[in-house]
Amino acid sequence: MSLKGRQIWEENFKTLSFALALMFVVIGIGTIGYMQLNIEYSLIDALYMTVITISTVGFKEVHDLTDNGKLFTILLILTSFGIFGYIVSAVTRFILDGVFRRNLKDYRVARKIEKLSNHVIVCGFGRNGRQASLELLEHGEVVVVVDSKESSIDQIQMIPELLFILGDATLEEVLTLANISKAKALITAIPDDAANVYVCLTARELSPGIRIISRSSKMQSDNKLKRAGANNVIMPDLLGGRQMAKLVAQPDVIEFLDKILLQSIKGVNLMEVSCSKLAACFVGRSILELNVRNVSGANIIGLKDDEGNYIYNPSPHIILDQRFQLFVLGDAPQLKRLNELLNTGK
């Protein structure tokens, strides 16, 4: 939902609420007035007279009016005619123009976003942003896309799993609508490096602990984006050039890695597995004692230790620690079995 759309919704809701409140006030005044000016009018009679008067339907009076009653009726018609006509025209416009349905849909999306936590925000739905969003969905992540173009929102709406906000991601209020305080990561894939810098600055200020990954088009923007708060900076053009060069020098290696990293989550994948819930029986034991290959079928090909160092092809004699992150190669059932082994020891 866009910030402007939300403001329009709130303004329309306030306008209709105010008009309806005025109508009820007029009905109340009319009912009391008829009862006071015409003693023979009961509460139902007075209410009926008020409704047929302000709606100008022209039904016959329940009882003959006194002169004061006639003057009161004239005043009531003049007072209520504009209010009643405004309500009818506003409701009709909402229904015929689809404003109500569109705003209601945006409003529901905004309510869903407000309830999210541990989600990922993707700023920009160009080629990089779209691919990142689809990949995240495939990995089971909840994704909120922020884009300032109506055409991009139309494309996003074709993917039902994606939530969206139409707005400028550099603005605090837009990222706040995306519930950034409860998000676990933000990817800014806007083609303009300056805009990405502003997004990083704003996101880091609103959520100091969030992981920020930014796209960069120019080499000189790398350090600026990191100073602005980005944890990682990706240069698609640079990566593409390196990929093409390596396909010449090491074609089979690159194709093998691409098969692992770029295929569906349902196939064999290289995944990160946390040791934070390591079973007590494995604390202080070695990788060899896990017996990972025989029990789960997966392979540990690397790890990140408690000091942030990356160890490739780790020795089986390395002692496990709950602060380790393991890099494991395997398919979905194998990785699930490994997680069970690490968490339960069985």
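The values are calculated or read from the model by the stated rules, or taken from the named source; none is laboratory data. A quick note: this is a predicted structure, and the numbers were derived from the prediction, not measured. Ideal geometry is used to build each Cβ from the backbone, glycine not excepted, and the neighbour counts take in all protein chains shown. The area values use the complete protein model at the heavy-atom level, side chains included, leaving out ligands, DNA and RNA. Shrake-Rupley method; radii C 1.70, N 1.55, O 1.52, S 1.80 Å.
A few comments on the model shown:
- Projected onto planes of every orientation and averaged, the convex hull of the alpha-carbon atoms in the stretch 212-251 covers 3.0 nm².
- Straightening the chain between Ala21 and Phe256 buys 77.8 nm, computed as 0.36 nm per residue apart minus the Cα-Cα spacing.
- Of all DSSP beta bridges in the chain, antiparallel share, percent nearest 5: 45
- Residue separation of His139 and Gln325 scaled by 0.36 nm, minus their Cα-Cα distance, works out to 65.1 nm of gained length.
- Unit charges at the beta carbon, dipole of the chain: most positive-side option, Leu247, Ile165, Leu136: Leu247
- Of the DSSP H helices in the chain, those that are both long (alpha-carbon extent of 24 Å or more along the helix axis) and hydrophobic (Kyte-Doolittle mean at least 1.0) are 67-97.
- The Kirkwood hydrodynamic radius of the stretch 167-317, based on inverse pair distances between different Cα atoms, is 18.8 Å.
- Whole-number Å³ per residue for the convex hull built on Cα positions in the stretch 157-198: 96
- Once you reduce the stretch 293-346 and the stretch 167-198 to the center of their Cα atoms, the two points are 34 Å from each other.
- Which of Leu257, Ile213, Ile234, positive extreme of dipole for the stretch 173-319 (C-beta unit charges): Ile213
- Taking all protein chains together, Asp147, Asp64 sort by accessible area into Asp64, Asp147, largest first [probe 1.4 Å].
- Amide hydrogen neighbours beyond the local backbone of Val122, cut-off 5 Å, H modeled: Val144, Val145, Val146, Ile187
- Entries of Lys182/Lys246; Lys149/Lys226; Lys115/Lys336 with Cα pairs more than 31 Å apart: Lys182/Lys246
- Surface listing: Ile29, Ile254, Ile234 arranged by accessible area from highest to lowest gives Ile29, Ile234, Ile254, probe 1.4 Å.
- For the stretch 291-346, accessible area per residue (1.4 Å probe, heavy atoms of protein chains only), Å²: 59
- Most to least accessible of Glu272, Glu135 (protein chains only, probe 1.4 Å): Glu272, Glu135
- Using a Förster distance of 51 Å, the FRET efficiency for Ser181-Met219 (Cβ separation, nearest 0.05): 0.95
- Computed accessible area, Phe256, all protein chains, 1.4 angstrom probe, square angstrom: 120
- Dipole magnitude of the chain, debye to nearest 20 (Cβ charges: Lys/Arg +1, Asp/Glu -1, about Cα centre): 800
- Site pair Thr344 and Ile52 shows an inter-label distance of 7.6 nm when each label is modelled 7 Å from Cα along Cα→Cβ.
- The stretch 228-346, Rg to Rh (Cα coordinates; Rh as Kirkwood inverse mean 1/r): 1.03
- Fraction in percent of alpha-carbon pairs per bin - 10 Å, the chain: 5, 17, 19, 18, 12, 8, 7, 6, 5, 2, 0
- P(r) of the stretch 108-233 over all Cα-Cα pairs, binned every 10 Å from zero, in whole percent: 14, 51, 31, 4, 0
- Carbon + sulfur, % of accessible area of the chain - ligands and nucleic acids excluded, 1.4 Å: 59
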